[in-house]
1. Are there trypsin sites (Lys or Arg not before Pro) in region 114-197 that DSSP puts in a loop and that have at most 12 other Cβ atoms within 10 Å, and which ones?
2. Size of the chain along its principal axes in angstrom, Cα-based, largest extent first?
3. What is the percent carbon and sulfur in the accessible area of the chain, measuring with a 1.4 Å probe over the protein chains and ignoring ligands?
4. First measure r as the distance between the Cβ atoms of residue 75 and residue 118, then evaluate 1/(1 + (r/R0)^6) with R0 = 25 Å and state the FRET efficiency to the nearest 0.05.
5. What longest range of the chain stays clear of loop-exposed chymotrypsin sites (Phe, Trp or Tyr not before Pro) (DSSP non-H/G/I/E/B, at most 12 other C-beta within 10 angstrom)?
6. About its Cα centre, what dipole magnitude does the chain give when the only charges are +1 on Lys and Arg Cβ and -1 on Asp and Glu Cβ, stated in debye to the nearest 20?
7. Send over a whole-number figure in Å² for the accessible area per residue of the chain, probe 1.4 Å.
8. How high is the FRET efficiency from residue 189 to residue 167, r the C-beta distance, R0 30 Å, rounded to 0.05?
Amino acid sequence: MQQPLPHTEGLAARPGRLRAAWQVAHELAGVSRRMQYVALAVVLAVLPSSLWRLPIAFDHGIGVGERAYVVFLSVLSEALAFTAFGLIAQWGEVFPRWLPILGGRRVPTMAAVIPATTGAVLLTFLWTLLAPITQIMGRTIRGDVLPREFPGEAGGWEEAWFHLCYAPLVLWGPLLAVLTVAYWKRRRTAENAPAPA
């Protein structure tokens, strides 16, 4: 019987590990279909702005550091949006087994609620309140007039495309708040439920 080449053994095992990781990330914690849609909406609300930024990374007029920053910002935004799934998935209630020390233990309710609430408040302030106000007034957060090269001031299709891609961010904070409240209620109900006899 022919032995697999040493460098191909890991490749055969990798799809199984990726599939297992995918299943763990999406194993639901007994939530309604509505909450599943809300979590998906968080990720989809962030996606257009993340994709809008990526072509900037390949613009000829910017340096390597700026390129890396733009790509990092887009990836980080999506990664942060994906954490909303922790509020509906099993890994938001029980730490995954592969985590050292914490693996298999219950996630303290407030360890998820406090960061999620903080994020929801900050995102609501930034994207739902501050960004539209600054755009309408034509000013930066510091009060300076928006520069002519700012995408929201460009006019034409470039401005329309910018607004179309960034408008969904208005929902990020409020949707995260809805998920956080639902998570807190679900966990509190489970903790207060009488133990089976």
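The values are calculated or read from the model by the stated rules, or taken from the named source; none is laboratory data. Predicted model, so just to flag it, every value in this text is computed and none were measured. Every residue, glycine as well, gets a Cβ built from its backbone with ideal geometry; the counts of neighbours run over all protein chains shown. Just so you know, the surface numbers come from the protein's heavy atoms only, side chains and all, with ligands and any DNA or RNA stripped out. Shrake-Rupley method; radii C 1.70, N 1.55, O 1.52, S 1.80 Å.
1. Numbers: sites: 139, 142, 148, 185, 186, 187, 188; in loops: 142, 148.
Counting only loop positions with at most 12 other Cβ atoms within 10 Å, the trypsin sites (Lys or Arg not before Pro) in region 114-197 are 142, 148.
2. 65, 57, 29
3. Working: 9260 of 13320 Å².
With neighbouring chains kept in place, the figure for the chain is 69 percent.
4. Details: r = 21 Å, r/R0 = 0.85.
That pair, residue 75 with residue 118, gives E of 0.70.
5. Numbers: sites that count: 58, 98.
Looking at the chain, 99-197 is the longest stretch - no exposed chymotrypsin sites (Phe, Trp or Tyr not before Pro) with at most 12 other Cβ atoms within 10 Å.
6. Values: 17 positive and 12 negative charges, 190 e Å.
With only Lys, Arg, Asp and Glu charged at Cβ, the dipole is about 920 debye.
7. Numbers: 13320 Å² over 197 residues.
Solvent-accessible surface per residue comes out at 68 Å².
8. Numbers: r = 35 Å, r/R0 = 1.17.
So the FRET efficiency works out to roughly 0.30.
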